[in-house]
Structures are given as structure tokens and as C-alpha cells.
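A.B. asks: For reference, the structure I am asking about is given below.
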Amino acid sequence: MKTILFTPDQIDQAIELLKAGENVIFPTETVYGLGADITSERALQGIFTAKGRPQDNPLIVHIGHFSQVQDLAFDIPPVAFRLMEAFWPGPLTMAFKKKAWVSDTVTAGLPTVGIRMPSHPTARTLLQKSGLFIAAPSANPSGSPSPTREEHVLEMQGRVAGILLDGACEVGLESTFLDLSTTPPRILRPGAVTYEQLKPYLPDLEIYEGNDHTASPGRRYKHYAPNTPVSMLKGEIRDIRDFIDQHPKACFFVGDSLYQPKENLIRFIPQDDLMEAFRQYYHLLRSVDGHAEHIYVPVLSEQGLGRALMDRLMRSAQGRIIDLTKEKETP
Ligand code: TXA
Ligand code: MG
């Protein structure tokens, strides 16, 4: 397949392709998305083919106008409108009961649909000008890191009809996924809109940690796995500094400034700048292969933005934590 590359001043051409039932990759503030008009079954199928994505993993629908929520969903609780006002456009996806016309291909047969209004200016123009409902998963082959830079999506050439390029993504981690169709409401995936920010609106808010496929289909699949192994480190500052000294070919990604590693270590971001860690995360997973033998990250506090970063790190580490206080690896 021939892929046409677009710049933001060629949005109209990208819209034409989408309206013709083709797949177009576009930037959002979180990660690049692989888009399809949800009224085109051919385009929806194209997403699954281009990504090698399992059919039973549902898609998020992106909108540019608030009124489109009621076109897609019903039984929307009043608090949802306050959340929209506070966090949209932005990195928050909310799931509601879906209307009958919304294709089961979008929702993988689930009764709910996840909806998000992205804030990225190019995504906003694309959505507002077209008036389309655009289903878009992260624009990576299934199981590899999400794309946050132009060079990452250029790897999808040949798999989609168009790619709209517009630099690096500001946030860098996928949106917070909030399921408002259940009582109590639940965060199915943490992101840049934090539990602490949502809690005042939703006093009984929970964070879903289970593995039930119907509740949270995405959790079943192996996600975000780089080739370079990732391990989390648990221990006192002194233990971690000693460990760093003993592992010169490793990459230490984010942590206490007191760990500030030596120059032979590849990348380090102080933990008081988690937004920067978000932005760099998937690029790190892609760029470190062949340069480092192992990525090590001290266990972070699961508060605020730390929760989303720990979630992605623990997936990349496949749960591996090295307990330096005991000097043994726990499975
Ligand atoms: O930031 C984002 O959300 C990006 C950009 C492109 O918007 N999109 C994204 O899509 O991360 P994707 O498909 O890579 O991840 C969406 C996750 C999947 O784990 C999927 O299973 C889950 O959301 N999901 C989608 N619809 C759902 C629903 N109705 N109920 C429960 N989980 C749902
Ligand atoms: Mg994804």
C-alpha cells in the first residue's frame, strides 16, 4: 500500500482519505493514533489489519464537538458533563453505554464505548472540520511501544493510506481510561489525568486492578514490551547507588536525583519531573535497544503522575522487581 505523508496544512486531504474509508495516522497530545471513520466497516477492519490487533480489543472513539457524546452514548451521568468541562479537550477517555448504531467492531461487542476529545491542535482541527467520529488505537503494531514521535509512525508506512505528521506528542503516555458505566466508577488505565484530580468529582472512584477480560479487555494483552529487559529496583538510596555502580551498561530511567548516574549510563530523569519522564518513556523503550543491556527503574511512589508511569513500567518489566534489601529477585 502506498502511504501519503501529510503536514498539518494538508489536513483537508487527510480528511478526504478518512471519508473515503481509508486509515490515517494522526497526532494527539498522548500518542499518535491510527484513525478510521466509525461508519466505515472497511476502515475499522483496516485498523485491526494494520496493527495486527486482536478483534476482541475495543477502540476509543475520538470527537471534536461536545454534542457528539450524546450521539454515541446514553445514560450519561450528570457528573460526566462536569468532567468534560474540567478535562476536555485532554488526555481523559470516558466509557458510557453505547447507542445501537455504534458498530460492534468498535466496542468488540461490549455494551460500552470509550470516548475522548483530544487537545492536540492538529487532532482538534481534523476532528472539528471533518465532524467525523474517529476510532483510533495507538498507531503501533500490536504489542510494541506506542508511537510518540514522527520517526515512530514513519515505520507504519505501507500499512496505512495516510500519515499526518506533526512532531512529538506533549504528554507521551496514553489517556486515562475512566469507566463511568459501572458503580462505583473505575479507572481502567491510569494516565495524565490522575486519580487525585478525578476523586473530588467521584467520591467512590476505584482503580481497577483485576484481570477480568470483559471489564478491561486491554489488560489481557502483552503491552509496551521492549526488547531490552526492564526491571524495577526496590531498596534504600544507598542500595540503589551501589547497584548503579555495579551495572555500567544499564540504563537508569527515572528516580531520586540522589541516584544521578555516571555518564556511562544512558538516560536519567529526576522523579520531580514526571511529565518529562512521560514524554520520553516510549522513545526510551525504542531507542535503548542495542545500547543498554538492561533498563532499571527504582520503584516510584504510586501517587499523582507516578501511578501511570508505574503502570507502564510494571507492564514493561512484566512484574519483575529486584529487592535490593534482600538481594534476591522476586518473580
Ligand atoms: O491516549 C489514548 O487513549 C490513545 C490516543 C490515540 O487517543 N489511544 C489509545 O488506544 O491508547 P488503544 O486502543 O491503544 O488503548 C485503548 C485501551 C485498550 O486497552 C482497550 O482495551 C481499552 O482502552 N478500551 C477501549 N474501549 C473500551 C471499553 N468500552 N471498555 C473497556 N476498555 C476499553
Ligand atoms: Mg495501545
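A.B. asks: Among the listed pairs LYS98/LYS199; LYS51/LYS199; LYS19/LYS199; LYS2/LYS98, which are separated by more than 31 Å between their Cα atoms? If you can, show how the numbers build up before the last one.
C.D. replies: Values: LYS98/LYS199 24 Å; LYS51/LYS199 34 Å; LYS19/LYS199 39 Å; LYS2/LYS98 35 Å.
Cα-Cα > 31 Å for LYS51/LYS199; LYS19/LYS199; LYS2/LYS98; rest within.
A.B. asks: Now for a different question. In the chain, what is the volume of the convex hull around the alpha carbon atoms, normalised per residue and reported in Å³? Please list the in-between numbers first.
C.D. replies: On the way: hull volume 42.9 nm³, N = 331.
Hull volume over Cα atoms, normalised by residue count, gives 130 Å³.
A.B. asks: State the extension gain, in nm to one decimal, for the chain segment bounded by ASP273 and GLU302, taking 0.36 nm per residue of separation less the distance between their alpha-carbons. The partial results should precede the final answer.
C.D. replies: Details: separation 29, 0.36 × 29 = 10.44 nm, distance 1.45 nm.
Gain in length upon complete extension: 9.0 nm.
A.B. asks: Sticking with this one: Would you mind telling me the antiparallel percentage of the DSSP bridges in the chain, rounded to 5? Can you show the working numbers first?
C.D. replies: Details: 21 of 48 bridges.
In the chain, DSSP labels about 45 percent of beta bridges as antiparallel.
A.B. asks: Given R₀ = 30 Å, what would the calculated FRET efficiency be for LYS326 paired with ASN227, taking r from the Cβ atoms and rounding to 0.05?
C.D. replies: On the way: r = 28 Å, r/R0 = 0.94.
Efficiency computed from Cβ-Cβ geometry: 0.60.
A.B. asks: Let me ask something else. Rounding to the nearest 20 debye, state how big the charge dipole of the chain is about its Cα centre with +1 on each Lys and Arg Cβ and -1 on each Asp and Glu Cβ.
C.D. replies: Values: 34 positive and 40 negative charges, 122 e Å.
Dipole about the Cα centre, nearest 20: 580 debye.
A.B. asks: What is the spin-label model distance, in nm, from LYS2 to SER103 if the labels are put 7 Å beyond Cα along the C-beta direction?
C.D. replies: With each label point 7 Å from Cα toward Cβ, the separation is 2.5 nm.
A.B. asks: To the nearest 20 debye, what charge dipole does the stretch 112-189 have about its Cα centre, counting +1 at the Cβ of each Lys and Arg and -1 at the Cβ of each Asp and Glu?
C.D. replies: For this selection, approximately 260 debye.
A.B. asks: Tell me the accessible surface of ASP242 in square angstrom (1.4 angstrom probe, heavy atoms of protein chains only), to the nearest ten.
C.D. replies: Spelled out: ASP242, probe radius 1.4 Å, area about 80 Å².
A.B. asks: Also, I was wondering about something else. Say a site is exposed when it is one of the trypsin sites (Lys or Arg not before Pro), sits in a DSSP loop, and has at most 12 other Cβ atoms within 10 Å; what is then the longest site-free stretch of the chain?
C.D. replies: Details: sites that count: LYS2, LYS99, LYS222, LYS249, LYS262, LYS326.
With trypsin sites (Lys or Arg not before Pro) excluded where exposed in loops, the chain gives 100-221 as its longest stretch.
A.B. asks: Assuming R0 = 22 Å, what is the FRET efficiency of GLN197 and LYS234, from their Cβ-Cβ distance, to the nearest 0.05?
C.D. replies: Numbers: r = 28 Å, r/R0 = 1.25.
Once the sixth-power term is evaluated, E becomes 0.20.
A.B. asks: How large is the dipole of the stretch 75-205 about the Cα centre if only Lys and Arg carry +1 and Asp and Glu carry -1, each at its Cβ, rounded to the nearest 20 debye?
C.D. replies: Details: 12 positive and 12 negative charges, 71 e Å.
That gives a dipole near 340 debye.
A.B. asks: OK, next. Might you tell me the accessible area per residue for the stretch 76-179, computed with a 1.4 Å probe and given in Å²?
C.D. replies: Values: 3410 Å² over 104 residues.
On a per-residue basis, 33 Å².
A.B. asks: Per 0.36 nm of contour for each residue apart, how much would the distance between ASP212 and GLU150 grow if the chain were fully extended, relative to their Cα-Cα spacing?
C.D. replies: Numbers: separation 62, 0.36 × 62 = 22.32 nm, distance 3.47 nm.
The span from ASP212 to GLU150 would gain 18.9 nm if fully extended.
A.B. asks: Of LEU127, GLY21, ALA192, which is farthest along the charge dipole of the chain in the positive direction, counting Lys and Arg as +1 and Asp and Glu as -1 at C-beta?
C.D. replies: Working it through, the farthest residue towards the positive pole turns out to be GLY21.
A.B. asks: Let me ask you something else. Select from the chain the helices, each a whole stretch of DSSP H, whose alpha-carbon atoms run 20 Å or more along the helix axis and whose Kyte-Doolittle mean is at least -0.5; answer none if there are none.
C.D. replies: In the chain, no H run is both long and hydrophobic enough.
A.B. asks: If you take the charge dipole of the chain about its Cα centre, with +1 on Lys and Arg Cβ and -1 on Asp and Glu Cβ, which of ALA108, GLY304, LEU59 is farthest toward its positive end?
C.D. replies: Of the candidates, ALA108 comes out farthest on the positive side.
A.B. asks: For the chain, give the percent of accessible area contributed by carbon and sulfur heavy atoms, probe 1.4 Å, rounded to a whole number.
C.D. replies: Details: 6910 of 13980 Å².
Taking all protein chains in place, the chain shows 49 percent carbon and sulfur surface.
A.B. asks: Okay, next question. DSSP loop (so not H, G, I, E, B), at most 13 other Cβ within 10 Å: list which chymotrypsin sites (Phe, Trp or Tyr not before Pro) in the stretch 62-135 pass both filters.
C.D. replies: Numbers: sites: PHE66, PHE74, PHE81, PHE87, PHE96, TRP101, PHE133; in loops: PHE66, TRP101, PHE133.
Passing both the DSSP loop test and the Cβ count: PHE66, TRP101.
A.B. asks: Taking 7 Å along the Cα-to-C-beta vector as the label spot, tell me the LEU258-VAL79 distance in nanometres, rounded to one decimal.
C.D. replies: Spacing of the two 7 Å Cα→Cβ label points: 3.9 nm.
A.B. asks: In the stretch 1-117, what % of DSSP beta bridges are antiparallel (nearest 5)?
C.D. replies: Antiparallel bridges: around 75 percent, rounded to the nearest 5.
A.B. asks: Also, quick follow-up: Where in the chain lies the longest segment free of GluC sites (Glu not before Pro) that are both loop residues by DSSP (not H, G, I, E, B) and have at most 16 other Cβ atoms within 10 Å?
C.D. replies: 1-154
A.B. asks: Length gain on complete extension for the stretch GLN246 to LYS129, per 0.36 nm per residue less the alpha carbon to alpha carbon distance? Kindly include the intermediate steps, with their values, before the conclusion.
C.D. replies: Working: separation 117, 0.36 × 117 = 42.12 nm, distance 5.54 nm.
Extra length from GLN246 to LYS129 when fully extended: 36.6 nm.
The values are calculated or read from the model by the stated rules, or taken from the named source; none is laboratory data. Everything numeric in this text was worked out from a predicted model, so none of it was measured. FYI the Cβ positions are ideal-geometry reconstructions off the backbone, even for glycines, and counts take in every protein chain you see. In case anyone asks, the SASA skips ligands and DNA or RNA and just uses the protein heavy atoms, side chains included. Shrake-Rupley method; radii C 1.70, N 1.55, O 1.52, S 1.80 Å.
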